[in-house]
Structures are given as C-alpha cells and as structure tokens.
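Chemist: Take this structure first; my questions come after.
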Amino acid sequence: MKIGRVLLSTLAGVTVGLGINCIAMAATWDMPTPYPDKTFHTENIAAFANEVAEATGGELKINIHSAGSLFKHPEIKNAVRGGQVPIGEFFLSLLSNENPVFGADSQPFLATNYDEAKSLWEAQRPIVTTLLDKEGLMPLFSVPWPPQGLYTKKEIKTVADLKGIKFRAYNATLELFANKIGAAPTQVEVPDIPQAFTTGRVEAMVTSPSTGANSKAWDFVTHYTDIQAWLPKNIVVVSKKAFRKLDKKTQDVVLEAAKAAEVRGWEMSKKETAEKTAILKENGIVVVTPSAELMAGLKEIGAEMTVDWKASAGAEGAELLKVYQGK
Ligand code: PCA
C-alpha cells in the first residue's frame, strides 16, 4: 500500500510535468455539424474554425464534419456530452424534450423577426447556459435561421387548405403544429429533403428561404408563403472537459472567436432572407404574401401552443417570458 502511494505521487509529479509540456502541444477537435457545407451556418463555423487556427498559430485545429457525416443530427449533443467529440453544432429546439426552454425559439409566432429573436435569445441564454452546464456543456454561440415560411404544391389561402397534407417536420414543436393544422407530419433531416419529396413521403414543409433554396425546392413545390412564423436557432456547444484542457490563451481565443461568430452569423442570417427568397423567385416559385385569413388561423394555433408551452415550461419558462416580454 505504502509503495503504491509513493509510486502514485511520483506518477502525479510526472503527469504535472507532462501537463506543462502538453500546453504547447497542438490539439485537433473533430466537430460534427448537421447541415451541408453550403449552408450559411456551416460557412460561419468554417470561418470560426479558421479564426481559431490562425489566432493560435495552428495550436488548435477544428475539423468540421458537416451534414451529419460523423454523427447523425439527433446524436450530436450526446456525442459532445459523452466526450466522443469535444465540440458540435445542433438545432437548439431538438432539446425541448429535456426542457421546454430549449424550444422557445420554435414556438409559433412568439418571436417573428430578428429584433424579437434577439430579445428572446437574451432571455433564453442564461437559462440555456445553466441547463447545459449541468451536463458538462458550455454554449459558444447561437445563430438563427431566417423566418420560417410555408412550401406547398398549391396556393394556400386558409388553414383548411393544409388538411391531410404530408408534412415535413424537423422537431417536436413543428410536428405538433402540423398535427394541429390537420396535416400529417414526418421527421426529415435537411440532407434528405429532396428525396423525401420526390419519393412522396412529404408534400409540404415549413422552413427558411435558406433551406428551401439550398434544397432546390422548385424541383418539388410551387408556392412559398411568407408566414414568418418563428426564427429557430442552431447552437454550438463545447464540452467543458475539453475546454479546460486548453491553456488560458487558447481558451480566450476560442471565446473571442465564438463571440465574433455569433455577431457574424446573425448578420449572415439577415442577408440570407432576402437573397434566398429572390433565388426561390428566380427559379419559378410563386412567393406569396399570406392572406389575413391564413395568418389568423395559424396565429390562433400558435397562441394555443404557447399556452400549453407555458404550462409545461415551469418556473424557467415563466422567467424566460418575463424577461422577454419585459423588453
Ligand atoms: N432550416 C433547418 C432548420 C430551420 C431551417 O430554416 C431545417 O429545415 O431543418
């Protein structure tokens, strides 16, 4: 026993010594992301990775594995949590089953433009940070998608026109929304959208002009109704364990680059809205301003969902709304 202790402390001494040397050693972080390379979120992350590599003189290299190529989208958060990868990106509201606060940005018509989305994120961020912290994760930055609109194969004038349509969903909240409008939802990841339409698994979707244009929606739908229903966000998180292994200087570089990525990402998102809506038009999609009747019907469903969300979101949800609505 005694010998064991002596050995251990010697070993500890050696480890400390090695640790000091390790600080200057280069690290490579594999980073799974869910969306294809030519997505502004992925491009923003590539710029973040470049900045980190440059500012650390190549000491920290971030290798991006886009489009769910390393881990499937629903597995990314747990891959970071479980230490399989140090960093990853995912759609924040996918965690709404863990806590409804994660899904606030997908509540229909709660925040429908960039200013509101910003206020919502400011209210949401401290709660999200605390919740993720308990799981050994730290948020680095979060960026919204452009306002979500409706893609269909015909003109939609009222909620009733959506009845029975096979509908693509990307989270539980959108699935519920689709059910409430009388549609039939199926979960489909972004890289699988074109195939889901061409094989008839789905006939309509709610997503951004960005994802619609990138998926070449004109190949399978005819109308885009600009309902601006919500601005859901992606989030980039790092495992605290991996972060702690970096020396202070490198940690600061990562945090600075993350701050810059959030600012740049929001700007990129705003620019996307007009640019990608124009591309939809250029390719023959009829871009429609929604009828008052359609909006009233959709908003009624949204209001109903927000009441239920509030009831399920407990003290944290109440706190979020108090801060958000107080702005
Ligand atoms: N694009 C992603 C999330 C929201 C968006 O605009 C998607 O359609 O899954």
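The values are calculated or read from the model by the stated rules, or taken from the named source; none is laboratory data. Only a predicted model underlies this, so the values are computations on that prediction, with no experimental measurement involved. FYI the Cβ positions are ideal-geometry reconstructions off the backbone, even for glycines, and counts take in every protein chain you see. Accessible surface is based on the protein model in full, side chains and every heavy atom, while ligands, DNA and RNA are left aside. Shrake-Rupley method; radii C 1.70, N 1.55, O 1.52, S 1.80 Å.
Chemist: Along the charge dipole of the range 63-176, pointing to its positive end and built from +1/-1 on Cβ of Lys, Arg, Asp and Glu, which listed residue (G164, N99, P126) has its Cα farthest out?
Modeler: G164
Chemist: For the range 38-188, what class follows from the C-alpha gyration tensor (a ≥ b ≥ c being the square roots of its eigenvalues): rounded when a/c is under 1.5, otherwise prolate if a/b is larger than b/c, else oblate?
Modeler: prolate
Chemist: Taking the Cα centre of the range 187-327 as the origin, how large is its charge dipole in debye, to the nearest 20, when only Lys and Arg (+1) and Asp and Glu (-1) carry charge on their Cβ atoms? The partial results should precede the final answer.
Modeler: On the way: 19 positive and 19 negative charges, 170 e Å.
So the dipole magnitude of the range 187-327 works out to roughly 820 debye.
Chemist: Next question. Quick one: with all protein chains in place, what share of the accessible area of the chain is carbon or sulfur, to the nearest percent (1.4 Å probe)? Intermediate results must be reported in sequence, preceding the final value.
Modeler: On the way: 8470 of 15090 Å².
The C+S portion of the solvent-accessible surface of the chain is 56 percent.
Chemist: Report the gain in length on full extension from R125 to A26: 0.36 nm times residue separation, minus Cα-Cα distance, nm rounded to one decimal.
Modeler: Result for the pair: 32.5 nm of gain on full extension.
Chemist: If I require 15 Å or longer along the helix axis, counting alpha carbons, and a Kyte-Doolittle average no lower than 0.5, what helices from the chain are left? Use full DSSP H segments. All intermediate terms of the calculation are to be shown ahead of the outcome.
Modeler: Numbers: long enough: 2-23 (32 Å, 1.36); 40-55 (22 Å, 0.12); 114-133 (27 Å, -0.41); 248-282 (49 Å, -0.76); 292-325 (34 Å, 0.09).
Flagged H segments are 2-23.
Chemist: Moving on. Here is the link list: K240/K271; K216/K322; K118/K154; K154/K270; K134/K259; K118/K163. Which ones come out longer than 29 Å on Cα distance?
Modeler: Correct reply: K240/K271; K216/K322; K118/K154; K118/K163.
Chemist: Between E43 and E175, what's the calculated FRET efficiency when r is the beta-carbon distance and R0 is 22 Å? Round to 0.05.
Modeler: 0.15
Chemist: Specify, per residue and in Å³, the volume enclosed by the convex hull of the alpha carbon atoms belonging to the chain.
Modeler: With only Cα atoms used, the chain gives 149 Å³ per residue.
Chemist: Now a separate question. On average, how much accessible surface per residue is there in the chain, in Å², for a 1.4 Å probe, leaving out ligands, DNA and RNA?
Modeler: It amounts to 46 Å² per residue over the chain.
Chemist: Under 1.5 on a/c is rounded, so check that first for the range 217-327, then, if it is not, pick prolate when a/b is larger than b/c and oblate when it is not; a ≥ b ≥ c are the square roots of the alpha carbon gyration tensor eigenvalues.
Modeler: Numbers: a/c = 2.97, a/b = 1.37, b/c = 2.16.
Since a/c reaches 1.5 but b/c is at least a/b, the shape of the range 217-327 is classed as oblate.
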